[in-house]
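Here is the structure we will look at, set down as C-alpha cells.
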Amino acid sequence: MSTFIGEISAKIDVKGRVVLPSAFIKQMKETEDKGRFVLRKSIFKNCLELYPFAEWEEFMTKMRTKFNPALNKKHNLFFAQFSRGSVEVEIDGSNRILINKRLSDSVKIDKDLIFVGTGYIIEVWDVEEYEKSAMSDLEFEQMASELIGDDFNF
C-alpha cells in the first residue's frame, strides 16, 4: 500500500485532462499497477478521491464483508449511492488522467486544482474550495484532542 504526501497545484485542460504529479507517481509502491485508478466524489468533502486500483479493490473487499447488498435493501442503496459516478481512469503516455465533466462539475473544478496526498488516497480539489475547507488551528486541536486524546502511543 502506498502513502501519498504533499499538496501540488495543477491545471486541468479544456478536455478534462490533468497531469498526475510525478511526486505521487514516485510515491506509489513498485508492486502496484501505477497506471490504474478509481476516481470518485468524496462522501464527506467537496472533492474527488483518487484511489490506486489495488487500494480500491482492497477497500471494496472490506466493504463486501461488512455489507450484503444482494439481500439487504439498505445495503444495496448504500452501495449504489457510494459507487455512483465512480470511474476507472488510467494514466496516458503524458502522465495525464481524464476527469470527466460530471465529476469535475460536481466539485466545482474549473481550471485550477490541487492534488492533496492524504495517506492512502489522493484528493483532487478546486483550489478555492480547498482553501475554504481548512479548519482553524483551534478546531483541529479540539478534534485531535477528542479523537486521540493525550495518548499518541499507537
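Taken together, the values in this text are just the output of simple stated rules run on the coordinates, not laboratory data. None of these values were measured; they are calculated from a predicted model. Methodologically, a virtual Cβ is constructed for each residue, glycine included, from the backbone with ideal geometry; neighbour enumeration extends over all protein chains shown.
Observations, loosely collected:
- Estimated 222 nm signal from helices in the chain, with DSSP H stretches of n ≥ 4 weighted -39500 (n - 2.57), rounded to 500: -10000 deg cm²/dmol
- Pairwise centroid distance, computed over Cα atoms, of the range 1-75 with the range 123-142, Å: 20 Å
- Added length on full extension, which subtracts the Cα-Cα distance from 0.36 nm per residue, E141 to F82: 18.2 nm
- Ranked by how many other Cβ atoms sit within 10 Å of their own Cβ, fewest first, the residues R64, R84 fall in the order R84, R64.
- Across the chain, Cα-Cα pairs more than 21 Å apart make up 52 percent of the total.
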